[in-house]
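The values are calculated or read from the model by the stated rules, or taken from the named source; none is laboratory data. Just so it is clear, the model here is predicted, and its values are computed rather than measured. As a convention, Cβ positions derive from the backbone with ideal geometry for all residues, glycine included, and neighbour counts pool all protein chains shown. Just the protein is used for accessible areas: all its heavy atoms, side chains included, with ligands, DNA and RNA removed. Shrake-Rupley method; radii C 1.70, N 1.55, O 1.52, S 1.80 Å.
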Amino acid sequence: MKAELTCFAPNCRASFPVTAVLYNCSRCGGLLEVTYSGGPLPPEELKRLWLDRRTHNNPIDQSGVWRYREALPFLDDEARIVTLREGNTPLLDAPRAASYAGLDRIVFKHQGFNPSGSFKDNGMTCGVAQARRLGMQRVACVSTGNTSASMAAYASAAGLQSVVLIPHGNIAAGKLAQALEYGARTLQVEANFDQILKLVRVLAEKLGIYLLNSINPFRIEGQKTIVIEMLDQRGWAAPDWIVLPGGNLGNVSAFGKGLRELQQWGFIRKLPRLAVIQAEGAAPFYEFFRSAGSRGFEPVLHPQTLATAIRIGDPVSWPKALHEINTSNGAVEKVTEQEIADAKAQIGLCGIGCEPASAASLAGARKLVSAGVIPAGADVVAVLTGNLLKDPDYIHRYHTGALRTPGGTPLESTYGNRPVVVPNDPEEIAAVLAH
Ligand SMILES: *Cc1c(COP(=O)(O)O)cnc(C)c1O
Ligand SMILES: [Zn+2]
């Protein structure tokens with residue numbers, strides 16, 4: 001199959017060589033996607049090959065991204081690949097979370113099991129492979145945290161320098177720690193995410209740095225494998241719904257593209273419906289979708305949510321996301337800070353855990369069930385996008401009743417689990433444990 005970069009705008013569809021250093025269409029400014037001409041091998045053959053590779057010791061076969069390389073054949077040479085064994089994330093049954101959502105059953109696809117603790121690794125291994133292929137020495141991104149953690153890890157593993165730009169003071173401690181430890185030049189800019197995104201594009205051009213934000217179409221190719229692996233793990237039985245949180249909307253775009261391609265290539269017959277969930281204080285896509293075309297897309301100027309991974313006011317990938325939600329007959333929902341916090345505690349009580357943004361998927365599924373959009377008996381996979389340990393401060397505050405919204409309103413510690421201070425005395429400890 002031949003790979004090209006193609007403009008996503010339906011009235012343009014200009015195409016460019018896959019080796020062009022481009023982040024937007026140079027004709028109309030539209031988003032770019034990687035497109036392939038022709039189809040891969042027959043599905044039955046690939047299904048067998050992909051399953052078989054799970055038993056191999058070859059590093060790229062052990063990768064939960066590159067194992068599926070026939071579905072993302074944009075590279076000219078496998079030697080470009082640097083893998084930390086990304087992907088390979090489990091499907092976890094969670095009966096307690098299912099009953100919380102009002103569902104008979106829910107399964108979590110937990111992307112927090114990735115090497116740097118979020119799904120960004122699925123995309124980053126591809127973005128960094130492409131950077132090497134283009135001969136780039138430096139890569140950069142602006143990030144709410146997980147992109148920078150992931151990029152720093154993959155860049156260092158590949159021997160590239162990385163430059164991370166983050167909004168000053170608005171990033172979870174675990175994520176910043178990762179960028180520092182993995183060796184990224186880390187700049188805390190006094191501006192919000194959307195402003196820094198504009199800044200980094202100017203810098204990339206000026207200094208010849210390769211940009212690895214989610215607008216990068218090669219990252220989207222890697223993130224497609226989240227749904228490919230999910231279906232592989234389910235014996236290619238498509239679920240009714242896939243629910244995931246949405247910030248910049250790159251991930252829902254990747255899921256939609258991956259599923260459409262799987263359908264087109266004959267791997268699955270029906271498309272799962274995609275539900276994307278936003279935080280109430282950063283929900284421009286929800287508001288736009290709800291307006292049903294009666295107004296244009298309006299960014300949120302001051303996005304606010306404790307779920308920092310989805311604190312995005314001007315999501316770059318919204319046109320792709322809209323296409324995927326429409327094509328899959330999907331849904332868009334928004335959830336409050338309290339709903340996110342309580343859903344997160346419920347996921348913790350399943351013995352699973354996740355970071356705040358990830359819990360929006362359970363909170364959103366619950367809302368869509370109670371609204372009658374998702375029936376109780378539906379086959380639902382909710383994606384947990386990031387690891388529990390990314391944001392320990394939030395957890396401590398929730399369980400001790402000290403969590404407040406960005407506006408300062410105290411949140412209810414509904415499922416709080418406060419640590420108890422006890423004296424060094426077996427009698428008293430026994431008394432405490434008696435109730
Ligand atoms: C990046 C991220 C998101 C949002 O994904 P988008 O592709 O920006 O919509 C959600 N959760 C976590 C943990 C993330 O790191
Ligand atoms: Zn164009």
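log10 I(q)/I(0), Debye, Cα-only region 262-321, no solvent, q = 0.15, 0.24, 0.26 Å⁻¹?
-0.55, -0.96, -1.07
Where Rh is the Kirkwood radius over the Cα pairs of the chain, the temperature 25 °C and the viscosity 0.890 mPa s, what D in µm²/s does Stokes-Einstein return?
Working: Rh = 22.0 Å.
Value of D from the Cα-based Kirkwood radius: 112 µm²/s.
Could you work out the relative contact order of region 345-430? I mean the mean sequence separation of Cα pairs under 8 Å and 6+ apart, divided by the number of residues, in percent.
On the way: 72 pairs, mean separation 20.5, N = 86.
After rounding, I find 24 percent.
Can you work out the FRET efficiency for the pair Arg96 and Leu49, with r the C-beta to C-beta distance and R0 = 45 Å, to the nearest 0.05? Display every interim value, and only then the final one.
Working: r = 37 Å, r/R0 = 0.82.
That pair, Arg96 with Leu49, gives E of 0.75.
Contact order normalised by length for the chain, with contacts defined as Cα pairs under 8 Å and 6 or more residues apart; what percent is it? Write down the numbers at each step before the final one.
Values: 895 pairs, mean separation 67.9, N = 435.
Relative contact order, the chain: 16 percent.
How big is D, in µm² s⁻¹, for region 153-305 by Stokes-Einstein at 20 °C and 1.002 mPa s if Rh is the Kirkwood radius over C-alpha pairs? List each step's numbers first, then the result.
Values: Rh = 18.0 Å.
Stokes-Einstein gives a translational diffusion coefficient of 119 µm²/s.
Which number do you get for Rg(Cα) / (2.2 N^0.38 Å) in region 15-122?
Working: Rg = 18.0 Å, N = 108, 2.2 N^0.38 = 13.0 Å.
Here the answer is 1.38, to two decimals.
Would you be so kind as to identify which of Ile166, Met136, Val300 lies farthest towards the positive end of the dipole of the chain, taking Lys and Arg as +1 and Asp and Glu as -1 on Cβ and the Cα centre as origin?
Met136
Positive end of the charge dipole of the chain (Lys, Arg +1 and Asp, Glu -1 on Cβ, about the Cα centre): tell me which of Leu403, Tyr182, Ile226 has its Cα farthest that way.
Projecting each Cα onto the dipole axis, the largest value belongs to Ile226.
Sequence-distant or interchain residues sharing an amide H contact under 5 Å with Leu187, placed H: which?
Val164, Leu165, Ile166
Which of rounded, prolate, oblate describes region 221-375, given a ≥ b ≥ c as roots of the alpha-carbon gyration tensor eigenvalues and a/c under 1.5 marking rounded, otherwise prolate only if a/b is larger than b/c? Walk me through the intermediate numbers first.
Values: a/c = 1.70, a/b = 1.20, b/c = 1.42.
Oblate, because a/c is 1.5 or more while a/b does not exceed b/c.
Rounded to a whole number, what % of the accessible area of region 17-104 do carbon and sulfur atoms account for, probe 1.4 Å? The partial results should precede the final answer.
On the way: 2120 of 4150 Å².
With neighbouring chains kept in place, the figure for region 17-104 is 51 percent.
So how far, in whole Å, is the C-alpha centre of region 354-408 from the one of region 52-109?
When both Cα centres are located, 22 Å separates them.
Apply the Kirkwood formula to region 69-160: the hydrodynamic radius equals the inverse of the mean of 1/r over all pairs of different alpha-carbon atoms; give it in Å with one decimal.
Numbers: mean 1/r = 0.0676 Å⁻¹.
For region 69-160, inverting the mean 1/r across all distinct Cα pairs yields 14.8 Å.
What is the projected area of the convex hull of the Cα atoms of region 113-233, averaged over all directions, in nm²?
Details: hull surface 29.0 nm².
Averaged projected hull area, Cα only: 7.2 nm².
Can you tell me the order of 120-129, 334-343, 287-296 when each peptide is scored by its average per-residue count of other Cβ atoms within 10 angstrom, highest first? Mind showing how you got there, number by number?
Working: 120-129: 31.1, 334-343: 23.3, 287-296: 12.1.
Result, highest mean first: 120-129, 334-343, 287-296.
Dipole size in debye (nearest 20) for the chain around its Cα centre, Lys and Arg Cβ +1, Asp and Glu Cβ -1?
1020
What order, most packed first, do the peptides 310-318, 58-66 have when packing is the mean number of other Cβ atoms within 10 Å of each residue? Before the final figure, lay out each step's value.
Details: 310-318: 23.7, 58-66: 20.2.
Descending packing order for the listed peptides: 310-318, 58-66.
Two-decimal Rg/Rh of region 289-435 from alpha-carbon positions, Kirkwood Rh?
Numbers: Rg = 19.0 Å, Rh = 17.7 Å.
Taking Rh as the inverse mean 1/r over Cα pairs, Rg/Rh reads 1.07.
Express in whole angstrom the spacing between the alpha-carbon centres of region 5-51 and region 279-329.
When both Cα centres are located, 24 Å separates them.
Considering the Cα positions of region 1-72, please state its Rg to one decimal place and its Dmax as a whole number of Å.
15.8, 46
Be a star and scan region 403-418 for residues whose amide nitrogen sits under 17 Å from the point 7 Å along the Cα-to-Cβ vector of His302.
So the set is 405-409.
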